[in-house]
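What follows is a short report on a single structure.
The values are calculated or read from the model by the stated rules, or taken from the named source; none is laboratory data. Since this is a predicted model, take the numbers as computed values, not measurements. FYI the Cβ positions are ideal-geometry reconstructions off the backbone, even for glycines, and counts take in every protein chain you see.
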Amino acid sequence: MKKCNLIKSILIFTAVLAITACEEQEKKKLINFPETNLAMENMIPKPLKIMASNSAFGLDQNTVIHTSSNATGFNEVGQYLSEKIKWQTQLDIAVNNTTNTSSGRVIFIHQLNDSTNSKKEAYELTITQDSVILSAATAEGAFRGVQTLRQLIPESSNDTLSETKMWLISSGKITDNPNFEYRGAMLDVARHFFSVEDVKKYIDLLAYYKINALHLHLTDDQGWRIEIKSWPKLTEIGGSSEVGGGPGGFYTQEDYKDLVAYAAKQYITIIPEVDMPGHTNAASLAYPFLNGNGKKVEPYTGIDVGFSTFDTRKDTVYAFIDDVVREISEMTPGPYFHAGGDESHVTKKKDFNYFISRVDKIVKKYGKRMIGWDEIVHADIDTTAIAQFWSNEENAKIAVEKGMKVILSPGKKAYLDMQYDTLSKYGLHWAAYIPVDTAYVWTPERYINGINKEHILGVEAPLWSETISTMEELEYLAFPRMIGYSELSWSTEENRNWEDYKIRLGNQTPFLDRMNVKYYPSKLIDWKKATLPIKPRLKD
């Protein structure tokens, strides 16, 4: 069946080109495309292989998009591309409309007859004067390729080549596949709450740079941000505060489902985190029986850590956790559930290990793999659990010895809440100051001695929100550093180079400006505000 669909799709594509070839032949003789260099385009993350052919594809109002017929998700990827082209250029590009025969230029999103899991995000992009062919085994791979194609569309049209506005896309071939399967960002909505619309904008930005996981830190001492229907006081009481004494807030289950669905359309997996047994003051404020530190529970709006804990020896605590994990897992189609586990300083070591072991079993009961901060490795957990390294290299090594995968989030390199320098408006610096170059110039594959690429699931950049409460402040800390983390996650080591990257980063300015991103304008980067159209070569 797949082979038949492939043949049918190719025949349709060929037919569209054949129908228009004659009438376009004379027009093409009149267009002498300028010389281009695909390898010098400002793509982030940098693709695996780039071969330039030094001509161009002219995107204009007569261009059409076609997708493989009966290929799951491919029509939706085509519609998404059409919407993004219109957003950038105002061109209204038809999708799968075979009646449009006014142009010989076609963008064809084509399904390869290969759906192996190891290649699910791979794609090939072949660009000629006549066509753009985006080939992938899955719609997810096609979607990643669309992000590359979006970055190749220039800011300005070249109006000297034809009667209509034309955006020149450099020709050649790109072959691409991610270096790490997990490429993540974390957003702390517990210390300060961020609205559904704020999170959606963050998702849009992450998708453009091929990030595929958004880890939401949903609970902490200062607030509980996700509705649990079986325990309503978690949000009624626990969700009513935040750092500094603000109003707090929470996501209803419908809000959360909306976020999950929105992210899924852009092939981003939402990973929910319920941090425990520490960082649990808000939960214990709502239900005091959970409390295990022996002190009266009061609302907390500061930023100190380590003072709270669940009572790890009460069966009622695990009944509560079972309900929480069940309700959130039912709304989360992704494979992961993050159980926290960090900075539980007042929990006795044996109680902590006992707790993590029991929670791991609950998480697996509901069909998820547990992720936890690197402290979890001391508990009796099996190799399906994932350790997120943030502080203790020995913990990361223990995880590897146990056969666990590791997510790299080193505080000294990958924490987005760290200040850029002593003059930064927002952020902290307990781990380090992290300017834009420091954020990029490190090698995940060799960051910890003895932990190699095969041990690493991927890289994640956490953004804790103690010092930020608005989207503008979030963007200041996240960008441009998050863009660099996308390249560290996707591109191979040999394709990562600071001197090359900083030029490409500077040329991201038009996109960031169109998205109204209030990024930190690092003086290390030459930020480009506009790109002039390429002038055509003189005819022979």
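For region 311-335, give me each residue that is in contact with a helix residue (DSSP H, G or I) (Cβ under 9 Å, 6 or more places away or on another chain) and in contact (Cβ under 8 Å) with a residue 60 or more places away in the chain. If the condition is that a residue be in contact with a helix residue (DSSP H, G or I) (Cβ under 9 Å, 6 or more places away or on another chain) and in contact (Cβ under 8 Å) with a residue 60 or more places away in the chain, then 320, 324, 327, 328, 331, 332, 333, 334 are the ones that fit.
Only residues that are assigned to a loop (DSSP other than H, G, I, E, B), among the acidic types (Asp, Glu) and surrounded by fewer than 24 Cβ atoms within 10 Å (Cβ to Cβ) were counted across region 255-284, and they come to 0.
When you look at residue 477, is it at negative phi, touching a Gly at 6+ places or on another chain (Cβ under 9 Å), assigned to a helix (DSSP H, G or I) and surrounded by 17 or more Cβ atoms within 10 Å (Cβ to Cβ), yes or no? For residue 477, the condition - at negative phi, touching a Gly at 6+ places or on another chain (Cβ under 9 Å), assigned to a helix (DSSP H, G or I) and surrounded by 17 or more Cβ atoms within 10 Å (Cβ to Cβ) - is met.
Would you confirm whether any residue within region 451-462 is surrounded by fewer than 21 Cβ atoms within 10 Å (Cβ to Cβ) and farther than 27 Å from residue 176 by Cβ? No, region 451-462 contains no residue that is surrounded by fewer than 21 Cβ atoms within 10 Å (Cβ to Cβ) and farther than 27 Å from residue 176 by Cβ.
If I ask for residues that are hydroxyl-bearing (Ser, Thr, Tyr), within 26 Å of the chain's Cα centre (by Cα) and buried (at least 18 other Cβ atoms within 10 Å of the Cβ), which ones from region 335-367 would you list? Passing the criteria: only 336. Here is the figure for region 159-198: residues that are buried (at least 20 other Cβ atoms within 10 Å of the Cβ), closer than 30 Å to residue 247 by Cβ and out of contact with any strand residue (DSSP E or B) (no Cβ under 8 Å at 6 or more places or on another chain) total 1. Among the candidates 431, 414, the residue that is under 24 Å from residue 217 (Cβ atoms) and buried (at least 23 other Cβ atoms within 10 Å of the Cβ) is uniquely 414. Of the listed requirements (1) surrounded by fewer than 18 Cβ atoms within 10 Å (Cβ to Cβ); (2) in contact (Cβ under 8 Å) with a residue 12 or more places away in the chain, residue 127 misses just one: (1).
Free of Cβ contacts under 8 Å to residues at least 40 places away in the same chain, buried (at least 20 other Cβ atoms within 10 Å of the Cβ) and more than 27 Å from residue 200 (Cα to Cα): is that true of residue 290 in this structure?
Numbers: free of Cβ contacts under 8 Å to residues at least 40 places away in the same chain: yes; buried (at least 20 other Cβ atoms within 10 Å of the Cβ): yes; more than 27 Å from residue 200 (Cα to Cα): yes.
Considered against the rule, which asks whether it is free of Cβ contacts under 8 Å to residues at least 40 places away in the same chain, buried (at least 20 other Cβ atoms within 10 Å of the Cβ) and more than 27 Å from residue 200 (Cα to Cα), residue 290 comes out as yes.
When each of 219, 252 is tested for being in the same structural domain as residue 332 (by TED's automatic domain parsing), out of contact with any strand residue (DSSP E or B) (no Cβ under 6 Å at 6 or more places or on another chain) and buried (at least 23 other Cβ atoms within 10 Å of the Cβ), the lone residue that passes is 219.
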